[in-house]
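To start, the structure under review is shown below, and the notes come after it.
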Amino acid sequence: MTSSRTNPDLGAGSPAWELLLPAASAPARARGRSLQAALREAVRSGRLLPGTRLPSSRDLAADLGVSRGLITEAYEQLTAEGYLRSGRGAGTWVGDAVRSARPRARDLAPRSAGARADFVPGSPDVSLFPRAAWAAAQRGVLAELPHHELGYPDPRGLPRLRTALAELLARRRGVVADPERLLVVSGVSQATTVLGFVLDARGIREVGVENPGSPQHDALYAAAGVTTVPLPMDAEGLAIGPLRESGLRSVVTTPAHQFPTGIAYSAGRRTELLDWARAVDGYVLEDDYDGDFRYDRAPVGALQGLDPERVAYAGSVSKSLAPGLRLGWLLVPEALAEDVVERKRTMDLGHPTLDQALFARFVERGDYDRQLRRCQRAYRERRDTLVAALEEHFPGAEVTGIAAGLHVIATLPERYGPEERFLARVGAAGVAVRPVSDYAHARAGGGGRPDVRLVLGYAHVSPTRIRDGVRLMARAAATGGP
């Protein structure tokens, strides 16, 4: 007996079968598969409800103008899959197994909430992505890539890319880059997680993190079973006294351009940090997230170059090309290399081969250096624009941190505070900003400030929108509205 909700019997001429007409018109070699797919989708989507009786294969074939054999084969295939049911002499019916409606794909990617001005840090300008050069590299790779390289890759990455990256990083960042100890990873996030698993397996269950610092480290290390311990910063970098007293054997740092304070570790602090690592037989995990972008002088070389056996070095193309490429690198000390490679292998069997070959060609032909220079020019202009706009609209504001990266720290005079009221006013006016306090570790505590300290990202904002946004922010701060 059929449900009262369903049409118990559909003739071949029913409008419901119109959805099969395009499939019946498919090329002869694909017609059978097309009919099966169309009928399957009709059941999944609810166009054909459970309990609906289907026309005989003879009638439906005549109505669609196809052979009876194609319809019979389609009925048999979908009956085997559970979409249809049939009985000897009882005809063919839509089965009861399918309960799901048409799936709806949600987009959970982080997006701006439609602010009138967005100064949230961390985003590059993805409109600078070199589409033409990337497409040319892709065509070249597809034409020249040997067939065997489409198999499972070395979990460390293609030798060609590891060699190109080793040369690039040695030249631009001053690292000691052995291609045999370099892994291609899905960004710094995967590098962090891989290292976390390896440290945990070696009995290192806690890792120090800069406070304030990147909010991502807690979740990434927690996924690997490692607890993060907040450590204070001072004017030279990670405060070495609390680190020595902590009993830790590993610590995460951003020494070239600390996030969010914007300082570069002093030479003395770098030396002290490495002395600590040697004394405790530990490791420094260096996140070089935007080390290529320095605007007042040549970038400070990576910490890893001073002691490659105590520093694991991670970077990516997220700030120079696009975060969506999910492409980065990890250089590891020899003592960790074997374990890190094995963990990477069990996680994903290696990074996609075509992406690796494409980026290798991009680096080898000088396209990546050109892209870095292009971003350097654009981001320097935007930083200068932001600093000038703050001086104009927020007299007495102090911009701190080195001239580098994708954000500045702006401390506004006390008259613009308290900070909570300032944030409420500019937020109501449609200006998205983040205070430095948002990047303080929850367990570290800390009191409030009478002034307003902001982390302002500028790389993803055009100069015109930077000026307009700062003007809007100043108006909102002064009047309480847009």
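Here are some notes:
- Label point distance in nm, Glu18-Arg373, each placed 7 Å from Cα along Cα→Cβ: 6.1
- Gyration tensor over the Cα atoms of the range 21-84: the corresponding equivalent ellipsoid has semi-axes (square roots of 5 times the eigenvalues, largest first) of 18, 13, 11 Å.
- A full extension of the chain between Asp281 and Glu381 corresponds to an added length of 31.7 nm, given 0.36 nm per residue minus the alpha carbon distance.
- Separation of the Glu76 and Arg139 label points, Cα + 7 Å toward Cβ, nm: 4.8
- In the frame of its principal axes, the range 133-193 has Cα extents of 33, 25, 21 Å, reported largest first.
- Taking all protein chains as shown and a probe of 1.4 angstrom, His148 keeps an accessible surface of around 140 Å².
- Principal axis dimensions, largest first and in whole angstrom, of the range 352-445 by Cα: 54, 36, 26
- Separation between Cα centres of the range 239-282 and the range 183-199, rounded to whole Å: 20
- Relative contact order (%) - the range 31-141, alpha-carbon pairs under 8 angstrom, separation at least six: 26
- Note on exposure: Lys319, Lys344 ranked by accessible area (1.4 Å probe, complete protein assembly) read Lys319, Lys344, with the most exposed listed first.
- Calculated Rg and Dmax of the range 188-246 using C-alpha coordinates, Å: 11.8, 34
- Ordering Pro159, Ala256, Phe119 by the projection of their Cα atoms onto the charge dipole of the range 114-256, which places +1 on the Cβ of Lys and Arg and -1 on the Cβ of Asp and Glu, puts Pro159 at the extreme positive end.
- Across Met473, Met233, Met347, the residue with the most accessible area heads the list, and the full order at a 1.4 Å probe is Met347, Met233, Met473.
- Relative contact order of the chain, defined on C-alpha pairs under 8 angstrom at six or more residues apart (%): 17
- Relative contact order computed over the range 192-246 (Cα-Cα under 8 Å; 6+ residues apart), in percent: 37
- When His460, His217 are compared by accessible area at a 1.4 angstrom probe, the order from most to least is His460, His217.
- Heavy-atom accessible surface of Trp276, to the nearest 10 Å², is about 10 Å², with a 1.4 Å probe and all protein chains retained.
- Note on the chain: helix-only mean residue ellipticity at 222 nm, from DSSP H runs of 4+ residues weighted -39500 (n - 2.57) and normalised by residue number, equals -13000 deg cm²/dmol.
- Surface accessible to a 1.4 Å probe, Thr52 within the full protein complex, Å²: 10
- In this rough spin-label picture, where each label sits 7 Å from Cα along the Cβ direction, the Ala170-Glu309 distance is 1.9 nm.
The values are calculated or read from the model by the stated rules, or taken from the named source; none is laboratory data. None of the values given here were measured: they were computed from a predicted structure. Cβ coordinates were reconstructed from backbone atoms using ideal geometry, including for glycine residues, and neighbour counts include every protein chain displayed. These area figures cover heavy atoms from the full protein model, side chains too; ligands, DNA and RNA do not enter into them. Shrake-Rupley method; radii C 1.70, N 1.55, O 1.52, S 1.80 Å.
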